[in-house]
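The values are calculated or read from the model by the stated rules, or taken from the named source; none is laboratory data. Note that this is a predicted model, so its numbers are computed, not measured. Cβ sites come from the backbone with ideal geometry, for glycine too, and all protein chains shown count toward neighbours.
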């Protein structure tokens with residue numbers, strides 16, 4: 001379906017808005033019945049930028065009005081009134097001005113009855129043309145499937161109108177799928193390049209973040225020069241580089257020169273840390289960092305030395321995780337750009353609501369005192385669960401206003417660049433508008449979008465968004481970019497709220513039952529709630545909202561509702577996306593297989609269910625799962641250790657189960673989690689013992705973990721022992737041996753966590 005044929009009743013509202021210029025005495029006819037008295041005029045035939053803008057304006061005006069706006073050069077005589085387009089090159093000395101503004105992107109629109117002037121500096125001419133179409137003619141580019149152009153027979157413009165604008169943010173990168181679609185960046189005046197999600201192609205960026213191992217590859221150097229790499233816990237690790245090593249500096253400079261030679265036109269080159277917390281702690285690096293009060297000290301000193309070798313390029317580096325805090329004394333060179341990242345921030349409230357020492361507010365304040373060349377990297381979705389509802393819309397404006405307050409002129413708003421995900425159209429649209437003008441009336445923009453994109457269903461979408469915002473605010477729970485839906489199972493994703501959302505969605509469908517285009521949009525909007533309902537139901541153990549129910553009062557089976565919900569969710573992922581449910585992994589088919597397996601095996605009846613259990617060392621209160629009997633309730637945990645798993649820090653898990661009577665034992669098993677990034681490691685071994693009287697125990701099996709303490713991917717590690725012959729026992733003691741200290745290769749000092757799932761006795 002052509003985008004240009006998408007029409008909606010919402011234009012009645014837009015017509016009223018754009019024709020508030022009141023009486024005919026205050027306005028004039030711009031076009032009528034496919035005819036116009038206006039030509040589009042450029043100043044020079046060879047001015048490519050003016051000709052491009054003229055063609056854009058002519059193309060859209062023709063679609064809107066049916067009239068022919070001839071493009072002419074100013075010197076040619078015309079009997080028509082004119083729309084004159086003027087491009088002024090951006091000059092560093094500020095000699096080209098519009099009013100008193102000389103910044104790149106500045107533009108003005110002035111209208112008199114016989115002449116319309118659109119003037120722009122640099123890209124400002126294009127910005128002026130699109131602003132003319134949007135704000136004066138009512139055009140909208142809501143989303144990839146939502147470019148709305150009014151079909152007008154007659155239209156009037158105000159006879160005396162003037163506006164000028166200079167964008168406060170120079171670099172406006174909206175890293176969301178919609179914002180890379182053809183036409184979208186132009187309409188929204190973004191720095192995005194249509195169809196190019198890779199920032200190292202066709203842009204000013206030659207390299208983009210986490211580049212140090214590209215410039216000094218471990219595969220080429222680690223074996224022969226381990227001293228080039230970070231010293232952690234007394235061990236050289238493959239985490240970061242040793243930035244005080246002079247040989248490392250020379251190699252990085254030479255390697256960067258080779259990269260620049262391949263792409264000499266690129267302006268920005270990232271020389272930045274790898275994506276982990278393990279900065280070098282050798283004596284030389286530690287000395288710098290201690291003096292500067294932050295690991296950013298050794299990093300910035302290194303980057304300054306690199307930048308000094310490339311005075312005609314801008315060397316960008318990260319202030320991220322361990323390097324977020326600014327150094328006390330070292331200042332970035334003039335050609336060093338600081339990329340300050342908000343990854344740890346709570347999205348339930350504006351960032352500047354916390355101004356304490358060590359807050360992001362404090363860090364931005366300190367960095368902005370050192371340099372004005374800062375780019376903010378802000379995170380605007382849930383990266384662990386791309387389809388999970390994430391009600392962060394209320395903080396988008398105050399956060400961008402906060403960044404601008406400290407003079408930040410470069411913003412990178414990271415979302416999902418692939419298709420699919422949660423609320424992708426509205427979030428991308430609001431971010432685009434706020435990047436252009438952080439002080440815009442965001443409520444009006446949002447309502448315009450909801451009406452224009454969802455039509456009569458928009459009021460129900462609005463109700464859902466408002467209820468999520470309200471419930472989150474009342475709960476005072478944080479909203480984090482790597483959390484799971486069940487973190488909010490008692491607030492905005494509670495079963496009661498999810499039921500409300502689905503009820504509103506049904507009403508939304510009824511409201512637009514004859515509009516197939518909007519029905520698809522509402523169906524796409526529903527996907528996050530399908531996903532959340534599945535995930536929350538897994539955590540609502542033994543409640544009416546649990547995933548399982550008893551069949552004939554005995555066996556637990558998954559409720560048919562959730563089986564159908566999963567099937568629908570996976571089917572729609574194939575239509576709408578995303579291709580992965582996590583930022584780097586979990587294709588929908590893999591998620592479906594895991595869920596089907598959990599449907600089948602999530603509840604397991606065994607001999608210990610209903611028994612009692614005691615622990616030699618208590619589990620951590622914050623990781624208590626469903627309480628004391630969680631490991632013998634027959635309910636298995638899944639791949640998220642935050643729920644249904646019990647945790648012990650630095651000590652063994654020693655559990656004694658009392659079956660209540662002697663029973664025949666054939667098999668014993670438990671599951672343990674291994675997630676070294678979260679300091680969780682599977683045990684060295686699991687020992688099983690049995691007793692008849694609870695005093696004298698007989699060791700019957702020891703299952704060793706050959707990969708204990710090794711660097712492996714996150715996974716559930718099973719420990720199972722089959723008895724050679726059945727044995728009678730009333731008491732069973734299970735000892736999971738904690739590895740103790742974190743392994744040297746992990747580069748951290750501390751005690752390992754041990755996370756355990758169900759102890760199954762058969």
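Results, tabulated for the structure shown:
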quantity	calculated
Out of 626, 601, 597, sole residue that is farther than 12 Å from residue 755 by Cβ and touching a strand residue (DSSP E or B) at 6+ places or on another chain (Cβ under 9 Å)	626
Any chance residue 14 is surrounded by 15 or more Cβ atoms within 10 Å (Cβ to Cβ), modelled with pLDDT of 90 or more and either in the same structural domain as residue 518 (by TED's automatic domain parsing) or touching a strand residue (DSSP E or B) at 6+ places or on another chain (Cβ under 9 Å) (or both)	no
Test: residue in the stretch 269-277 that is buried (at least 21 other Cβ atoms within 10 Å of the Cβ), in contact (Cβ under 8 Å) with a residue 24 or more places away in the chain and out of contact with any helix residue (DSSP H, G or I) (no Cβ under 9 Å at 6 or more places or on another chain)	yes
Answer from 676, 626 - the residue that is more than 30 Å from residue 276 (Cα to Cα) and touching a residue at least 12 places away in the same chain (Cβ under 8 Å)	626
Subset of the stretch 478-505 that is over 19 Å from the mean Cα position of the chain (by Cα) and more than 24 Å from residue 523 (Cβ to Cβ) - its residue that is surrounded by the most Cβ atoms within 10 Å (Cβ to Cβ)	489
Residues of the stretch 666-688 that turn out to be buried (at least 20 other Cβ atoms within 10 Å of the Cβ) and more than 14 Å from residue 737 (Cα to Cα), as a count	3
Residue match in the stretch 147-160 (condition: within 23 Å of residue 518 (Cα to Cα), out of contact with any helix residue (DSSP H, G or I) (no Cβ under 8 Å at 6 or more places or on another chain) and part of a loop (DSSP other than H, G, I, E, B))	no
Condition check for residue 650: on the phi > 0 side of the Ramachandran plot and touching a residue at least 40 places away in the same chain (Cβ under 8 Å)	yes
Which numbered condition residue 234 misses (of (1) more than 18 Å from residue 330 (Cα to Cα); (2) modelled with pLDDT of 95 or more)	(2)
Cβ-Cβ under 9 Å pairs, at least 6 apart or on other chains, the stretch 475-497 side over 23 Å from residue 416 (Cβ atoms), far side at pLDDT below 95 and part of a helix (DSSP H, G or I)	489/539
Count of residues meeting criterion [touching a helix residue (DSSP H, G or I) at 6+ places or on another chain (Cβ under 8 Å) and either closer than 25 Å to residue 177 by Cα or not in a loop (DSSP other than H, G, I, E, B) (or both)] in the stretch 94-110	5
Boolean, residue 644 is farther than 27 Å from residue 709 by Cα, outside the structural domain of residue 546 (by TED's automatic domain parsing) and assigned to a loop (DSSP other than H, G, I, E, B)	no
Count of the stretch 719-740 residues which are free of Cβ contacts under 8 Å to residues at least 60 places away in the same chain and surrounded by 14 or more Cβ atoms within 10 Å (Cβ to Cβ)	5
Subset of the stretch 355-377 that is more than 19 Å from residue 435 (Cα to Cα), without any contact (Cβ under 8 Å) to a residue 40 or more places away in the chain and touching a helix residue (DSSP H, G or I) at 6+ places or on another chain (Cβ under 6 Å) - its residue that is surrounded by the fewest Cβ atoms within 10 Å (Cβ to Cβ)	355
Filter pass, residue 473 being within 28 Å of residue 561 (Cα to Cα), in a helix (DSSP H, G or I) and not assigned by TED's automatic domain parsing to the domain that holds residue 409	no
Single condition residue 452 does not satisfy, out of (1) within 24 Å of residue 382 (Cβ to Cβ); (2) in contact with a strand residue (DSSP E or B) (Cβ under 8 Å, 6 or more places away or on another chain)	(1)
Contacts under 8 angstrom Cβ, first residue in the stretch 54-65 being without any contact (Cβ under 8 Å) to a residue 12 or more places away in the chain, partner surrounded by fewer than 17 Cβ atoms within 10 Å (Cβ to Cβ), 6 or more apart	62/68
The listed residue being out of contact with any strand residue (DSSP E or B) (no Cβ under 8 Å at 6 or more places or on another chain) and modelled with pLDDT of 95 or more, out of 592, 608, 620	592
Unmet requirement for residue 402, which otherwise passes all of (1) touching a helix residue (DSSP H, G or I) at 6+ places or on another chain (Cβ under 9 Å); (2) farther than 25 Å from residue 165 by Cβ	(2)
In the stretch 408-436, the residues that are assigned to a loop (DSSP other than H, G, I, E, B) and either touching a strand residue (DSSP E or B) at 6+ places or on another chain (Cβ under 8 Å) or surrounded by 21 or more Cβ atoms within 10 Å (Cβ to Cβ) (or both)	408, 409, 415, 416, 417, 420, 421, 422, 423
Any strands (runs of 3 or more DSSP E) falling wholly within the stretch 539-626 and containing at least 2 residues that are closer than 21 Å to residue 495 by Cα	548-551, 555-558
Check on residue 263, farther than 18 Å from residue 210 by Cα, within 30 Å of the chain's Cα centre (by Cα), surrounded by fewer than 16 Cβ atoms within 10 Å (Cβ to Cβ) and not assigned by TED's automatic domain parsing to the domain that holds residue 745	yes
Test result for residue 399, in a helix (DSSP H, G or I), buried (at least 22 other Cβ atoms within 10 Å of the Cβ), touching a residue at least 40 places away in the same chain (Cβ under 8 Å) and not assigned by TED's automatic domain parsing to the domain that holds residue 524	yes
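Each row is one residue, and each column tells you yes or no for (1) under 22 Å from the mean Cα position of the chain (by Cα); (2) assigned to a helix (DSSP H, G or I); (3) more than 20 Å from residue 350 (Cβ to Cβ).
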{"residue": "463", "(1), (2), (3)": "no, yes, yes"}
{"residue": "469", "(1), (2), (3)": "yes, yes, no"}
{"residue": "513", "(1), (2), (3)": "no, no, yes"}
{"residue": "524", "(1), (2), (3)": "yes, yes, yes"}
